1. Can you list residue pairs whose Cβ atoms sit under 7 Å apart, with the first residue in segment 27-55 being polar (S, T, N, Q) and the second being at pLDDT below 80? Count only pairs 6 or more apart in sequence or on different chains.
2. For segment 63-79, which residues satisfy the criterion of being assigned to a helix (DSSP H, G or I) and either surrounded by fewer than 19 Cβ atoms within 10 Å (Cβ to Cβ) or of a type in the set (Ser, Thr, Tyr) (or both)?
3. State the number of residues belonging to segment 28-58 that are part of a loop (DSSP other than H, G, I, E, B) and either among the β-branched types (Val, Ile, Thr) or under 28 Å from residue 177 (Cβ atoms) (or both).
4. Could you tell me which residue of segment 109-158 is modelled with the highest pLDDT, considering only residues that are among the acidic types (Asp, Glu) and in a helix (DSSP H, G or I)?
5. Filtering segment 168-192 down to residues that are surrounded by 19 or more Cβ atoms within 10 Å (Cβ to Cβ) and part of a helix (DSSP H, G or I), which residue is modelled with the lowest pLDDT?
6. Give the number of residues within segment 74-116 that are more than 11 Å from the chain's Cα centre (by Cα) and aliphatic (A, V, I, L, M).
7. Across segment 26-44, which residue is modelled with the highest pLDDT among those that are within 17 Å of the chain's Cα centre (by Cα) and more than 18 Å from residue 175 (Cβ to Cβ)?
Amino acid sequence: MRPIYRSLPALAVLAAVGIFSSCSGSKSGASAAARVEEASRKPAPNFTLKDANGQPVNLADYRGKVVLLNFWATWCGPCGLEIPWFEQFEQQFKSQGFAVLGVSMDEDGWSAVKPYMAEHKINYRVMLGNDSVGQLYGGVDSLPTTFMIDREGRLAFTHVGLAGKNDYLSEIQNLLGTKENTASLHLLPASPAALLLGAAE
């Protein structure tokens with residue numbers, strides 16, 4: 001991939017952001033992020049889905065933790081870029097009251113998701129989503145779509161499309177009330193455009 005990007009002019013790389021930052025649906029294109037001020041935050045819609053071991057996962061059980069709730073699919077390229085970050089966040093912050101929950105929207109179900117989980121050594125809980133859960137969260141027309149949920153179970157940040165690792169890190173630290181050593185997390189550029197331009201260098 002690097003030689004391809006190296007041959008592209010900067011404007012072409014920026015145009016490519018609209019293609020690679022999200023997958024599927026009418027909202028696909030450049031990523032969009034939204035922050036909700038604490039006084040205006042609304043409760044995250046509750047759901048119960050089964051994980052890869054057949055165990056029920058109820059979002060309400062995570063009250064008191066900061067949760068990164070990620071809607072994704074195995075066929076979504078931008079989703080695959082974020083997953084290693086989420087694995088690192090899970091390992092880095094789990095002991096501080098943080099959890100990553102992945103909701104796969106794959107139509108092929110576990111036959112597609114379980115091999116992907118094994119190949120990528122996903123270390124957080126993954127469930128199979130459905131249209132009902134998607135509708136609770138606004139339809140989830142683009143993947144990835146990620147919600148940051150505060151300790152009170154309220155929606156604090158929303159990302160539609162590929163976000164930056166630094167953005168997620170800042171939000172996690174904000175909601176946990178901690179200041180991690182960012183050097184240990186091998187930070188990437190804070191935006192999809194910077195991410196792609198970095199590959200062109």
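The values are calculated or read from the model by the stated rules, or taken from the named source; none is laboratory data. Not measured: the values here are computed from a predicted model. Heads up, the Cβs are rebuilt from the backbone with ideal geometry, glycines too, and the neighbour counts pull from every protein chain shown.
1. 28/22; 31/21; 31/22; 31/192
2. Selection gives 77 alone.
3. 9
4. Here the answer is 119.
5. Among those that are surrounded by 19 or more Cβ atoms within 10 Å (Cβ to Cβ) and part of a helix (DSSP H, G or I), it is 192.
6. Selection size over segment 74-116: 4.
7. 32
Results for (1) out of contact with any Phe, Trp or Tyr (no Cβ under 7 Å at 6 or more places or on another chain); (2) in a helix (DSSP H, G or I); (3) of a type in the set (Gly, Ala, Ser), shown as yes or no for each residue.
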site	(1), (2), (3)
60	yes, yes, yes
85	no, yes, no
91	yes, yes, no
95	yes, yes, yes
